[in-house]
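I have placed the structure first, in the form of structure tokens, so that the comments after it can refer back to it.
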Amino acid sequence: MKKRTFIILAVIVLAFIWGHSLIPTDASTEESGGIMRLMQGVLDFLHIPVTLTEHAVRKLAHFTEHAVAGIVLSAFLYPKLSLSESRRERIDSIVLPLTVGFFVGFIDETIQIFSGRGPMVEDVWIDFAGIFLGVFIVILLTDLKRRIARKHMKNDEK
């Protein structure tokens, strides 16, 4: 991924995450309620017997938006991941997106102080879990691509 593309994607994702943290409580509650009604309608249409709550929708939103951030942060490091041979190099190349991702969640909750919403330590951990999932997805895709490439190389040698 080109550096410029990464920067643009990162800015968009961070603007979305932090922009939503600046929304006042009433507007945020209204937005969450609308999304909850939409999601509940889909679940009802599919005959899935689950009743959503606004709390669950908010937590799922935190998790999902940070998972996207984890994917963007990791995808930037994709070339390094795909070229690294040792386990140590691979671990080193995922520490940065995890660390940055933790601070994205921490800053996200700090911003909520200024919008009149209460910051929650629980949300920082939910955010980090999303970041972790995003990083993990990129690692799995990288490993899959590497295994396919090795398989093709072995077949070409025969």
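The values are calculated or read from the model by the stated rules, or taken from the named source; none is laboratory data. Keep in mind it's a predicted model, so treat the numbers as computed, not measured. So basically every Cβ, Gly included, is an ideal-geometry build from the backbone, and we count neighbours across all protein chains shown.
When the residues of segment 68-108 are narrowed to those that are of a type outside the set (A, V, I, L, M) and modelled with pLDDT of 90 or more, which ends up surrounded by the most Cβ atoms within 10 Å (Cβ to Cβ)?
Ranking the candidates gives Gly70 first.
Rundown of residues vs (1) more than 19 Å from Ser74 (Cβ to Cβ); (2) in contact with a Ser or Thr (Cβ under 7 Å, 6 or more places away or on another chain); (3) of a type outside the set (Val, Ile, Thr), yes/no style:
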site: Gln112; (1), (2), (3): yes, yes, yes
site: Gly118; (1), (2), (3): yes, no, yes
site: Val121; (1), (2), (3): yes, no, no
site: Gly130; (1), (2), (3): no, yes, yes
site: Val135; (1), (2), (3): no, yes, no
site: Lys145; (1), (2), (3): no, yes, yes
site: Arg150; (1), (2), (3): yes, no, yes
site: Glu157; (1), (2), (3): yes, no, yes
- Give the residue that is surrounded by the most Cβ atoms within 10 Å (Cβ to Cβ), with candidates limited to residues of segment 13-39 that are outside any helix (DSSP H, G or I) and of a type in the set (A, V, I, L, M, F, W, C). Ile23
- Note on the structure: When (1) over 30 Å from Ile148 (Cα atoms); (2) without any contact (Cβ under 8 Å) to a residue 60 or more places away in the chain are applied to Glu109, the one that fails is (2)
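Confirm whether Ala10 is loosely packed, with under 12 Cβ neighbours inside 10 Å, within 16 Å of Val100 (Cα to Cα) and under 20 Å from the mean Cα position of the chain (by Cα). Explain how you work it out, then say what you get.
On the way: loosely packed, with under 12 Cβ neighbours inside 10 Å: no; within 16 Å of Val100 (Cα to Cα): yes; under 20 Å from the mean Cα position of the chain (by Cα): yes.
For Ala10, the condition - loosely packed, with under 12 Cβ neighbours inside 10 Å, within 16 Å of Val100 (Cα to Cα) and under 20 Å from the mean Cα position of the chain (by Cα) - is not met.
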- Query: Taking Ile94, is it closer than 16 Å to Phe128 by Cβ, in contact with a helix residue (DSSP H, G or I) (Cβ under 9 Å, 6 or more places away or on another chain), in a helix (DSSP H, G or I) and of a type in the set (Val, Ile, Thr)?
  - Reply: yes
- Task: Quick one: Val50 ticks every box in (1) assigned to a loop (DSSP other than H, G, I, E, B); (2) surrounded by 13 or more Cβ atoms within 10 Å (Cβ to Cβ); (3) out of contact with any Ser or Thr (no Cβ under 9 Å at 6 or more places or on another chain) except a single one, so which number is it?
- Result: (2)
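Between Asp26, Asp108, which is over 29 Å from Val138 (Cβ atoms) and charged (D, E, K, R)?
Numbers: Asp108 fails: over 29 Å from Val138 (Cβ atoms).
Sole residue among the options that is over 29 Å from Val138 (Cβ atoms) and charged (D, E, K, R): Asp26.
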